[in-house]
Every structure is written in C-alpha cells, then in structure tokens.
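Asks: Next up is a structure, given as structure tokens.
The values are calculated or read from the model by the stated rules, or taken from the named source; none is laboratory data. Just so it is clear, the structure is predicted and the values come from calculations on it, not from any experiment. Neighbour counts are summed over all protein chains in view; Cβ atoms, including those assigned to glycine, are modelled from backbone coordinates with ideal geometry. These accessible areas exclude ligands, DNA and RNA; they are computed on the full protein's heavy atoms, side chains included. Shrake-Rupley method; radii C 1.70, N 1.55, O 1.52, S 1.80 Å.
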Amino acid sequence: MVHGDDMKVVRHYVENELRNFNYLLGCDRTHQAIVIDPLDHQAVLSLADQHGWTIRVILNTHEHHDHIDGNPFVRQVTGAEVWAHRNLCSVIPHVAKGLVENEFIELGDIRLKVLFTPGHTSAHVCFVSIPKSPADSSCFFSGDTLFNASAGNCRNGGNVHDLYATFSKVISSLPDSTLLYPGHDYLLNNLNFALSCDEKNQHAAMLREKVLTLSGSNMPIMNLGEERQYNPFLRLEQPEIRHKVCATYPELSCEPHEIFTGLRRLRDNW
Ligand SMILES: [Fe+2]
C-alpha cells in the first residue's frame, strides 16, 4: 500500500497472463472507496473489507474486457456505480455516468481529474489525483496509455497518431514527481525493449537489474521523472532512439510524431 496524506492507494496485482493491476483508492475519514478497472473482483472486495471501505464508484479507463470484467460482481455486492467516458455508455454495461474531459471526481478525501487520453482506444481516459497539499505527489492512473518503460498498443481500436497527441499534450504536462500507476505490469519486458533501442541507457540497465527477480506484486512504483530517463516513448529526441527508428523504417522522417509511430511499430514487431 502507498500512503498519501489524504487518499490511500492499494495496488493489487492480478496473477494472470495479462499481468493486470487493479487499484483501490480509499478515504479513511468517510470509509469510502473507488476501484479502477476491477478484474479480480474477489481480491478487490476483500481488500476493501480489510480496510473498512465501501466501494461507491467503479471507474473504467476503457472498454477492454480485462479492465471491466469485474464490474458486474463489484456492482452486485456493493451497489457501486460504473463511470466511464461518455462515448462508452452504450459499450460498457450499466454505465451510470458518462465522464467528460477535465471533469473532477470527489468522494470523501479522494479527488481525481479525468484526462481524455485517446490512442490505445478512442475513448480512453486516465485519472490524476489532486493532493490536498501541493507539496505532495499526484498519482496518475494511466490504464493502457502509459506503461512503465513503454506505451500502450494501438491494435484493438486504437490510433497511433491519437496516442502521440496524448503523449505530447497530456502526459508531457504532468510533473516529474507524479507517481505512475499503469494498468499492467510489463516493466521487465519493456525495459528489455527499451535497451534494444537505447543500448547505453544506464537508468534502464540499472532498473532492469533491480527488478529482474521481482514478482508483479513487488514491482516498484516509479515517478514520471524516472520514466523520462528510460522510457523510449518519452525520449523521442534521443539520438540513439532516433537512429534506431530511422534505420529500421527509412520511409519515416525524423519528426517526433514519426519517431513515436516508428517506435510503436518496433515494439509491435519486437
Ligand atoms: Fe486495453
């Protein structure tokens, strides 16, 4: 568990092939909680019980089954409402509230802002917490948009140009201190990819060494400042990365959006 001064974050690693993370955000003052992208509903419900929290809201970052399959069970047991982007109201069953860009969500001491982040899918949203004290770090729940050391794929309803726009306009504006809570643990695999296109990156090499023997539930929580040191999708100006992309796909120009597109293609074929 990670303690904030106000909101508590519990990360649950689902031991499945897709290596999902489910997140519970709790308020100890009002004993209420929000769950983000529940898949392992039994674990989520039991963790909420252990903390004395009642789940009031289920937030979905997007409609893929591994992010919504726990919704009906959590809803049935707790009566929690399902909230997702308004374009998904007829896609995800039982959506009670359609979210819009930059909307604020408040539940007890939990305060989140909805970020519209298309790319992995066309109506993907991320959530960023607003800490009580500006000195505290925000938590960024990135779904399948930004992963540790990589970016989400665009294969099932996505668009790489939208994903680039999300990275260059939304993610780039988040401060270095922001803590990253992605939808999956792909850290080790992604670091291997990062090193394949940025061979001399010592930050990637050192982190790889550190996490080599860790299970998904023990993976470290990194901030965006750290991610900007080894995540190739956040390092489009790096000469090594540009060279790797342009050498592999000579038809691409060296403009940042084309480097991003080429990197995504490299990752898909890796
Ligand atoms: Fe997904």
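Asks: Against the definition (touching an Asp or Glu at 6+ places or on another chain (Cβ under 7 Å) and at pLDDT 95 or above), how does residue 266 come out, yes or no? Step through it out loud before you land on a result.
Replies: Working: touching an Asp or Glu at 6+ places or on another chain (Cβ under 7 Å): no; at pLDDT 95 or above: yes.
It is false that residue 266 is touching an Asp or Glu at 6+ places or on another chain (Cβ under 7 Å) and at pLDDT 95 or above.
Asks: Right, another one. Conditions first: (1) over 23 Å from residue 88 (Cβ atoms); (2) polar (S, T, N, Q); (3) in a strand (DSSP E or B). Residue 46 passes all but one, so which condition is the exception?
Replies: (3)
Asks: I've got another one for you. In the set 255, 240, which member is in contact (Cβ under 8 Å) with a residue 12 or more places away in the chain, more than 28 Å from residue 18 (Cβ to Cβ) and either open to solvent by 60 Å² or more (accessible area, probe 1.4 Å) or in contact with a Gly (Cβ under 6 Å, 6 or more places away or on another chain) (or both)? Outline the logic, then answer.
Replies: Details: 255 fails: in contact (Cβ under 8 Å) with a residue 12 or more places away in the chain.
Matching residue, one of 255, 240: 240.
Asks: Here is a further query. Collect the residues in segment 186-238 that are part of a loop (DSSP other than H, G, I, E, B) and among the aliphatic types (A, V, I, L, M), keeping them in residue-number order.
Replies: Pass one, segment 186-238, residues part of a loop (DSSP other than H, G, I, E, B): 186, 198-201, 212-215, 219-222, 231, 235-238.
If the condition is that a residue be part of a loop (DSSP other than H, G, I, E, B) and among the aliphatic types (A, V, I, L, M), then 212, 214, 219, 221, 222, 236 are the ones that fit.
Asks: If I filter segment 237-255 for residues that are under 30 Å from residue 39 (Cβ atoms) and among the aliphatic types (A, V, I, L, M), do I get at least one hit?
Replies: The initial filter retains those residues of segment 237-255 that are under 30 Å from residue 39 (Cβ atoms), namely none.
No; the residues of segment 237-255 include none that is under 30 Å from residue 39 (Cβ atoms) and among the aliphatic types (A, V, I, L, M).
Asks: Counting only residues that are among the small types (Gly, Ala, Ser), surrounded by 19 or more Cβ atoms within 10 Å (Cβ to Cβ) and either within 16 Å of the ligand (Cβ to nearest atom) or in a loop (DSSP other than H, G, I, E, B) (or both), how many does segment 99-141 have?
Replies: Pass one, segment 99-141, residues among the small types (Gly, Ala, Ser): 108, 119, 122-123, 129, 133, 135, 137-138.
Subset that is surrounded by 19 or more Cβ atoms within 10 Å (Cβ to Cβ): 108, 119, 123, 129, 138.
In the following step, the residues that additionally are either within 16 Å of the ligand (Cβ to nearest atom) or in a loop (DSSP other than H, G, I, E, B) (or both) were identified as 108, 119, 123, 138.
Residues in segment 99-141 being among the small types (Gly, Ala, Ser), surrounded by 19 or more Cβ atoms within 10 Å (Cβ to Cβ) and either within 16 Å of the ligand (Cβ to nearest atom) or in a loop (DSSP other than H, G, I, E, B) (or both): 4 in total.
Asks: If a residue must be small (Gly, Ala, Ser), part of a loop (DSSP other than H, G, I, E, B) and within 16 Å of the ligand (Cβ to nearest atom), how many such residues does segment 56-96 contain?
Replies: Of the residues in segment 56-96, the ones small (Gly, Ala, Ser) are 70, 79-80, 84, 90, 96.
This time we only want the ones that are part of a loop (DSSP other than H, G, I, E, B), so: 70, 79-80, 90.
Within this subset, residues satisfying the condition of being within 16 Å of the ligand (Cβ to nearest atom) are 70.
Residues that pass the stated criteria total 1.
Asks: Then there's this: Looking only at segment 145-157, filter to residues that are open to solvent by less than 10 Å² (accessible area, probe 1.4 Å) and not in a strand (DSSP E or B); which one of those is nearest to the ligand (Cβ to nearest atom)?
Replies: 152
Asks: Which condition breaks for residue 177 when tested against (1) among the polar types (S, T, N, Q); (2) within 16 Å of the ligand (Cβ to nearest atom); (3) open to solvent by 20 Å² or more (accessible area, probe 1.4 Å)?
Replies: It is condition (2) that residue 177 fails.
Asks: Within segment 7-22, how many residues are within 17 Å of residue 68 (Cβ to Cβ) and either of a type in the set (A, V, I, L, M, F, W, C) or open to solvent by less than 10 Å² (accessible area, probe 1.4 Å) (or both)?
Replies: The qualifying residues number 5.
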